[in-house]
Structure formats: C-alpha cells, structure tokens
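Report on one structure; see the data block that follows.
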Amino acid sequence: MGTRGAQILQIDGKKIIELLNKAFADEWLAYYQYWVGAQVVRGPMRGAVVAELLQHAADELRHAQMLSDRIIQLGGKPLIDPKEWYTHTNCGYSVPEDEHIKAILKQNIEGEQCAIDVYDRLLKLTHEKDVVTYQISSEILNDEVEHEEDLQALLDDINLIK
Ligand code: FE
Ligand code: FE
Ligand code: MG
C-alpha cells in the first residue's frame with residue numbers, strides 16, 4: 001500500500017484484512033446462493049423473482065470485487081481457494097433444497113440480514129480509523145439494506161395471492 005495511505009490507518013491493517021476476507025467469503029457464497037437459486041426456483045411470480053435474484057447476484061459479485069480491491073490495497077490477498085469461503089464466512093451458505101419461491105426468498109432474506117450485521121459491525125469498527133474501508137462498507141451496506149427490502153416486498157406480494 002502507498003506510504004501515506006498506510007500512515008492514515010488508525011487501526012491494525014492485518015485485522016482489517018482478516019475481516020474484509022471474511023466478508024469477501026460471504027459475498028461469493030451469497031453470489032452463488034442467489035445465482036443457483038435463480039436457476040432452480042419454482043412458484044408464483046417466478047419471472048419477477050428470478051430477475052431480482054440475478055440482479056442481487058450481480059451486486060454480490062461487485063461487492064466481492066470492491067472488498068478484493070481494498071484487501072490488495074492494504075497489502076493483503078483475497079482468499080485464493082474457494083474451500084476457504086466455508087471456513088471464513090460469517091453468514092454461511094444456505095443450500096436451496098426447497099425450491100419453492102417462498103423458501104428461496106426466506107433463505108436469502110436471512111442472508112441479507114446477516115450481511116447487514118456484518119457491514120454494520122465493520123462500520124462501527126472503522127469509523128474515523130480507516131475512512132476508506134468505512135466508505136466501502138457504507139456503500140455495500142446501502143445495497144444490502146435495499147436487497148433485504150426488495151425480497152421482503154416480493155414475499156409480501158406473494159403472500160397476498162389468493
Ligand atoms: Fe453483498
Ligand atoms: Fe445482498
Ligand atoms: Mg433489488
């Protein structure tokens with residue numbers, strides 16, 4: 001990392017890299033959970049739900065990219081083996097065994113709620129200590145809050161079907 005960029009950190013860079021890698025693992029698993037969910041999902045409003053799931057998948061992949069960029073900037077390395085996603089993840093991976101739209105939506109809502117907690121913690125930790133990571137976390141948190149709301153709104157609509 002650039003000299004001055006490193007000097008303004010008021011927090012252990014290694015610790016931040018570790019936490020960013022945990023979030024990075026979450027994002028890849030979330031990406032796949034959305035992507036594969038969109039392939040197998042069945043039920044009412046399928047077209048709308050598939051479109052939303054794929055859009056969220058693309059967002060999660062973009063989050064993984066943002067985290068990787070920051071990890072490298074801090075002198076770290078993103079997890080290079082997908083096996084490590086499982087050992088580093090905060091939020092885990094929910095296998096979409098039940099392909100019903102409601103079950104898939106519920107799994108992904110839980111994932112988003114976990115992601116919101118992860119970035120909220122990261123924000124509290126980096127506040128005024130690592131402004132760059134703070135800004136990235138804030139941008140991602142905005143998306144996760146929107147994701148949760150989108151999925152809950154879809155589930156509400158589906159529950160209104162008679
Ligand atoms: Fe994300
Ligand atoms: Fe999300
Ligand atoms: Mg959305």
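Structure data summary
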{"read-out": "Sole exception among (1) closer than 21 Å to I116 by Cβ; (2) crowded, with 20+ Cβ neighbours inside 10 Å; (3) in contact with a Leu (Cβ under 6 Å, 6 or more places away or on another chain) for A38, by number", "value": "(1)"}
{"read-out": "Flag if E97 is assigned to a helix (DSSP H, G or I) and either crowded, with 19+ Cβ neighbours inside 10 Å or of a type outside the set (A, V, I, L, M, F, W, C) (or both)", "value": "no"}
{"read-out": "Per-region count, segment 64-85, residues of a type in the set (A, V, I, L, M) and closer than 10 Å to F24 by Cβ", "value": "5"}
{"read-out": "Count of residues meeting criterion [under 19 Å from the mean Cα position of the chain (by Cα) and β-branched (V, I, T)] in segment 37-78", "value": "4"}
{"read-out": "Within segment 144-158, considering residues that are of a type in the set (D, E) and within 13 Å of ligand 2 (Cβ to nearest atom), the one least open to solvent (accessible area, probe 1.4 Å)", "value": "E144"}
{"read-out": "Which listed residue, of A30, A57, A48, is more than 15 Å from ligand 2 (Cβ to nearest atom), modelled with pLDDT of 95 or more and of a type in the set (A, V, I, L, M)", "value": "A48"}
{"read-out": "Of all residues making up segment 28-46, the number that are touching a residue at least 40 places away in the same chain (Cβ under 8 Å) and either farther than 15 Å from D143 by Cα or away from ligand 3 (no atom under 16 Å from the Cβ) (or both)", "value": "13"}
{"read-out": "Failed condition for N108, given (1) more than 29 Å from Q7 (Cα to Cα); (2) in contact with a Phe, Trp or Tyr (Cβ under 7 Å, 6 or more places away or on another chain); (3) open to solvent by 20 Å² or more (accessible area, probe 1.4 Å)", "value": "(3)"}
{"read-out": "Some residue of segment 120-137 being farther than 19 Å from L9 by Cα, in contact (Cβ under 8 Å) with a residue 24 or more places away in the chain and surrounded by 13 or more Cβ atoms within 10 Å (Cβ to Cβ)", "value": "no"}
{"read-out": "Matching option when the condition is assigned to a helix (DSSP H, G or I), hydroxyl-bearing (S, T, Y) and within 16 Å of ligand 2 (Cβ to nearest atom), among Y119, Y86", "value": "Y119"}
{"read-out": "Those residues of segment 2-27 which are at pLDDT 95 or above and either open to solvent by less than 70 Å² (accessible area, probe 1.4 Å) or under 18 Å from L141 (Cβ atoms) (or both), in sequence order", "value": "I16, I17, L19, L20, N21, K22, A23, F24, A25, D26, E27"}
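Listed here are the residues, each with its yes/no results for (1) closer than 18 Å to L122 by Cβ; (2) within 12 Å of ligand 1 (Cβ to nearest atom).
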| residue | (1), (2) |
| --- | --- |
| M66 | yes, yes |
| I71 | yes, no |
| T87 | no, no |
| C91 | yes, yes |
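The values are calculated or read from the model by the stated rules, or taken from the named source; none is laboratory data. A quick note: this is a predicted structure, and the numbers were derived from the prediction, not measured. Here the Cβ is made from the backbone with ideal geometry for all residues, glycine too, and neighbour counts use every protein chain on show. With ligands, DNA and RNA removed, areas are computed over all heavy atoms of the protein, side chains included. Shrake-Rupley method; radii C 1.70, N 1.55, O 1.52, S 1.80 Å.
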